[in-house]
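Student: Take this structure, written in structure tokens, and hold onto it; I'll ask about it next.
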Amino acid sequence: RWFSDSVHLTTTGQAEFALWLRAKIQELTPSHYLVPNARIELPVVGQTLTAPDGTSLTVPETATGVALNVAVVRPEGGGYGTVWPCQDQPPLVSSINYERDDIRSNTVVAPISDDGTVCLLSSQGTDIVVDVAGWFTGSEAEGAADPFVGLLPDRRVDTRFGDGGFTTRVTPESPISIPIAGTGATLPDGSATTVPADAAAAAMNVAVVRADRNGYITVWPCGVEMPLAANVNYPGGAVVSNGVIAPIGANGSVCLHSSAPADIVVDLNGYFDGSLAGEASLVDPAFRAATPTRLVDTRFGVGVQQERVSPASPLRLRTHGAELADPTAPDVPLTVPDGASAVALNLAIVQPTGNGFGTVWPCNEPMPTAANVNFRTGVNISNGVVAPIGADGDICVHLSSAADVVIDVAGWFRGGANASFVGAVPQRVVDTRVGIGPVPT
């Protein structure tokens, strides 16, 4: 039936052989590879993590959001990935942007579905790696506001198409002001809400699209002077995004500056309560926002010794006791208290000597198998990090290749028995390359 002369396949034989060969190839294809028409449904509630003091943690049902680092590894083409609460349809937003054959990571503060999951998709076939750094706690007190309110991700700015009323590229001479407080939004269950006037900060994804030249983005609370800080570093002509926890100004807006002309896309993922609700919050709100403050710049010896960070010498940063800039009283510094559970920071890698990755973790624990930023030789890149603070008050940064490091901090999360963010030693929960995590469906 297959062969006409014991050597040559008949038409039937060709078809049968093609089907057999296809089945054998599929057996060898990695089962977890993420293709465009599939999604990864990642359980968050019930995940077992390790606290900075070494004890075991379990993500509870009251968690409202999760801090993730999402990395794409060698995608088949340029595209984007989206993270959203699984109970909703995928929104038209991006959580990470990438180019063909890239290795790129981004921090995502993701709202959790009512069933305890978050979903991930990619517009191009790719391997994907996800690390969890902790979760945001929901308020259990009747009438008290949740420290973090996750929203169905919503596109607030897209200068390419005039979304949000922004119709021109952002230039160094024309920063933009993005209204947040008082604006309408949608909760993950589909109901309408309004971002309250006392919201302290917004969880956003900021994308830079084909800037005219190399540069950086600064996001800060409107109403104060633009700080010496960066939230996104980008090469000219590329599409680069970054997760940003942006303190909101007194007028309810955040401001955005670009050092080179570029199109800008901003998606809102949620907000942090700024009220002092509840007895435990009378002194310390859930998230204490600061004007982004540069605590480390190894190029000039700011905060640490003036030398590049190498694989053999991780950077150690004293976090408890660090002084930040107060957006409401610029002349009076804010001091990160000993009870803070984590800080919101931007980690920039400057002129690395080789390809590699950077890991941020609480210093009193062994360095985990996790990454917060991926970089290429000679290319400046940054990533937002929700960094859990160790029991000794420090955070550590390891680089797999030598580079200069710049760290800007935008605030801290309340710790203790009423912590607004429960930080964990970063833990890998998805790695499609080696079959870790759920199979895409």
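Student: Carbon and sulfur together cover what percent of the accessible area of segment 96-241 at a 1.4 Å probe radius?
Tutor: 48 percent
Student: For ILE103, enumerate residues with amide H under 5 Å from its amide H, sequence gap 5+ or separate chain, H modeled in the peptide plane.
Tutor: Amide H to amide H, under 5 Å and 5 or more residues apart or across chains, ILE103 pairs with ARG74.
Student: Follow-up question, since we're still on this one. Using amide H atoms built 1.01 Å from N in the peptide plane, name the residues 5+ places from LEU49, or on other chains, whose amide H lies under 5 Å from its own.
Tutor: Amide H neighbours of LEU49, under 5 Å, 5+ apart: LEU57, THR58, VAL59.
Student: Here's another thing I want to ask about it. If you scale each eigenvalue of the Cα gyration tensor by 5 and take the root, what three semi-axes come out for segment 60-176, rounded to whole angstrom and sorted largest first?
Tutor: 27, 21, 12
Student: Taking all protein chains as present, what is the carbon and sulfur share of the accessible area of segment 343-441, in % to the nearest whole number, probe 1.4 Å?
Tutor: That fraction is 54 percent.
Student: Say we join alpha carbon atoms closer than 10 Å with springs in a Gaussian network model of the chain; which of ALA38, ALA424, ALA344 then has the biggest fluctuation?
Tutor: In this elastic network of the chain, the residue with the biggest mean-square fluctuation among ALA38, ALA424, ALA344 is ALA38.
Student: Do me a favour and compute the ellipsoid semi-axes for segment 165-271 from its Cα gyration tensor, root of five times each eigenvalue, largest one first, whole Å.
Tutor: Ellipsoid semi-axes (Å, largest first): 24, 15, 11.
Student: Same structure, new question: Put TRP2, TRP361 in order of accessible area, largest first, 1.4 Å probe: what do you get?
Tutor: Output order, biggest surface exposure first: TRP2, TRP361.
Student: Turning to a different aspect of this structure: Mean separation of Cα pairs under 8 Å and 6+ residues apart, divided by the residue count of the chain: what relative contact order is that in percent?
Tutor: 18 percent
Student: To two decimal places, what compactness ratio does segment 112-217 give when its Cα radius of gyration is scaled by 2.2 N^0.38 Å?
Tutor: 1.33
Student: Taking the full set of protein chains and a 1.4 angstrom probe, give the accessible area of TYR271 in square angstrom, rounded to the nearest 10.
Tutor: 20 Å²
Student: Which net charge results when you count Lys and Arg as +1 and Asp and Glu as -1 among the other residues whose beta-carbon is under 13 Å from that of VAL93?
Tutor: -3
Student: Along the three principal axes, how long is segment 1-144 when you take its alpha carbons, biggest first, rounded to the nearest angstrom?
Tutor: Over segment 1-144, Cα extents along the principal axes are 81, 32, 29 Å.
Student: Quick one: 3J(HN,Hα) in Hz for segment 365-375, Karplus 6.51/-1.76/1.60 with θ = phi - 60°, rounded, Gly and Pro as x.
Tutor: So the Karplus estimates, Gly and Pro as x, are 10, x, 4, x, 7, 7, 9, 10, 8, 10, 9 Hz.
Student: Which cross-chain or sequence-distant (5 or more) residues have an amide H under 5 Å from the amide H of THR335, H modelled 1.01 Å from N in plane?
Tutor: Excluding prolines and chain starts, which carry no amide H, the hits are LEU324.
Student: Where a ≥ b ≥ c are the square roots of the eigenvalues of the C-alpha gyration tensor, would you call segment 364-441 rounded, which needs a/c under 1.5, or, failing that, prolate if a/b is larger than b/c, or oblate?
Tutor: Oblate, since a/c reaches 1.5 and b/c is not below a/b.
Student: State in Å² the accessible area per residue of segment 198-240; use a 1.4 Å probe, count heavy atoms of protein chains only, and round to the nearest integer.
Tutor: Here the residues of segment 198-240 average 34 Å² of exposed surface.
Student: Over the heavy atoms of LEU345, what accessible area does a 1.4 Å probe trace out, to the nearest 10 Å²?
Tutor: 10 Å²
Student: So what is the accessible area of segment 1-153 per residue, in Å², with the probe set to 1.4 Å?
Tutor: 47 Å²
Student: Taking Cα atoms, how many degrees apart are the long axis of helix 11-28 and the longest axis of the chain, rounded to 10 and kept between 0 and 90?
Tutor: 30 degrees
Student: Tabulate in residue order the Karplus-calculated ³J(HN,Hα) for segment 260-273, using 6.51 cos²θ - 1.76 cosθ + 1.60 with θ = phi - 60°, rounded to whole Hz; enter x for Gly and Pro.
Tutor: With the stated coefficients, segment 260-273 comes to 9, x, 7, 7, 10, 10, 10, 10, 9, 10, x, 9, 10, 5 Hz.
Student: Let me ask something else. Along the charge dipole of the chain, which of GLY416, LEU19, PRO327 sits closest to the positive end, that is, farthest toward it, with unit charges on the beta carbon of Lys, Arg, Asp and Glu (+1, +1, -1, -1)?
Tutor: Positive-most Cα among the choices belongs to LEU19.
Student: On to the next question. Considering the chain as a Gaussian network with a 10 Å cut-off on Cα pairs, which listed residue, ASN97, ASN214, ASN372, attains the greatest mean-square fluctuation?
Tutor: Between ASN97, ASN214, ASN372, it is ASN214 that shows the largest mean-square fluctuation.
Student: Let me ask another. Between beta-carbons, use under 15 Å as the cut-off and find the net charge around THR50, counting Lys and Arg +1, Asp and Glu -1.
Tutor: Residues near THR50 contribute -2 overall.
Student: Each residue of segment 309-326 in turn: what ³J(HN,Hα) in whole Hz from Karplus with 6.51, -1.76, 1.60 and θ = phi - 60°, glycine and Pro shown as x?
Tutor: For segment 309-326, the Karplus-derived couplings read 7, 10, x, 7, 9, x, 7, 10, 10, 6, 9, 4, x, 5, 9, 10, 8, 7 Hz, x marking Gly and Pro.
Student: Can you give the Kirkwood hydrodynamic radius of the chain from its Cα pairs, in Å with one decimal?
Tutor: 22.2 Å
Student: Ok, one more. Note down the net charge around GLU307, summing +1 for each Lys or Arg and -1 for each Asp or Glu among other residues with Cβ under 15 Å from its Cβ.
Tutor: Summing Lys/Arg as +1 and Asp/Glu as -1 gives +1.
The values are calculated or read from the model by the stated rules, or taken from the named source; none is laboratory data. Quick caveat, the model's predicted, so the values are computed rather than measured. Neighbour counts are summed over all protein chains in view; Cβ atoms, including those assigned to glycine, are modelled from backbone coordinates with ideal geometry. All accessible areas refer to the heavy atoms of the entire protein, side chains included, with ligands and DNA or RNA removed. Shrake-Rupley method; radii C 1.70, N 1.55, O 1.52, S 1.80 Å.
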